[in-house]
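Below you'll find the structure, written out as C-alpha cells, and then a few comments.
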Amino acid sequence: MSWWRRLIGDNPRGSPKPQRLDYLSEALALERQGDFDAALTSYRLALRDRPNDPRTLQNMAIAFSKTGRLDDAIRAYQRALELDAGLSGAHYGLAFLLLKRGDAAGAGEHLDAFLANVPSGGEADRWVKHARETLEHLKTDSDAGVVPERD
C-alpha cells in the first residue's frame, strides 16, 4: 500500500487496529525517573482500563505519598485493600501513613496484617524487621500511655 493511501485512510485490507498504551508500565518508568505527578496521570489512565486493579492502586498510593498527598494515598491504599485484603505492601504503606496521622491503633492493625502475610524475597527481610520494630515500639508506647506525635 502506498504512503498516500495510508495517509488518507484508503486501506483495502482494513485499517490496522490502534494499539493501547501500557499505562501501568509507563507510570512505573516515570516513577523511576522521579516524575511522580506524570506517573499519577498514567496510573489514572491505567485505572480507566482496569478500575479494580489493586496493584495499580497500591502503586498510585506510593506516588501520592511521594508527592505529599497523604490523604489521597490513604484512600488509594484503602481501596486496594478492599479489592485484595491480602495485599501486604498496601498494609505496610497504610500503616506508616496512619502512624503519621497519629492513629497508632490503625497502624498496628495494618502492621499485624502485613506480618501475617509477609512477602517473600531478599529485600522483604528489611521491611519485616522494620514492621516488627515499629509494632514493638507501638506496644511499648501503648503500655506506657504514650501517644505517638503527629508530623
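The values are calculated or read from the model by the stated rules, or taken from the named source; none is laboratory data. All values derive from a computational prediction rather than experimental measurement. Please note: Cβ atoms are built from the backbone with ideal geometry, for glycine as well, and neighbour counts cover all protein chains shown.
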- request: Hey, can you tell me all the residues within segment 82-99 that are over 10 Å from the mean Cα position of the chain (by Cα), farther than 19 Å from ARG44 by Cβ and in a helix (DSSP H, G or I)?
  value: SER88, HIS91, TYR92, ALA95, PHE96, LEU97, LEU98, LEU99
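Which of the residues that make up segment 17-65 are outside any loop (DSSP other than H, G, I, E, B), within 11 Å of the chain's Cα centre (by Cα) and not aliphatic (A, V, I, L, M)?
Correct list: TYR43, PRO54, ARG55, THR56, GLN58, ASN59, PHE64, SER65.
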message: So PRO119 passes all but one of these: (1) more than 22 Å from ASP84 (Cα to Cα); (2) in a loop (DSSP other than H, G, I, E, B). Which condition number does it fail?
response: (1)
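This table checks each residue for (1) small (Gly, Ala, Ser); (2) not assigned by TED's automatic domain parsing to the domain that holds ALA131.
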position	(1), (2)
ALA29	yes, yes
ARG32	no, yes
ALA38	yes, yes
SER42	yes, yes
LEU47	no, yes
ILE62	no, yes
LEU99	no, no
ALA105	yes, no
ALA113	yes, no
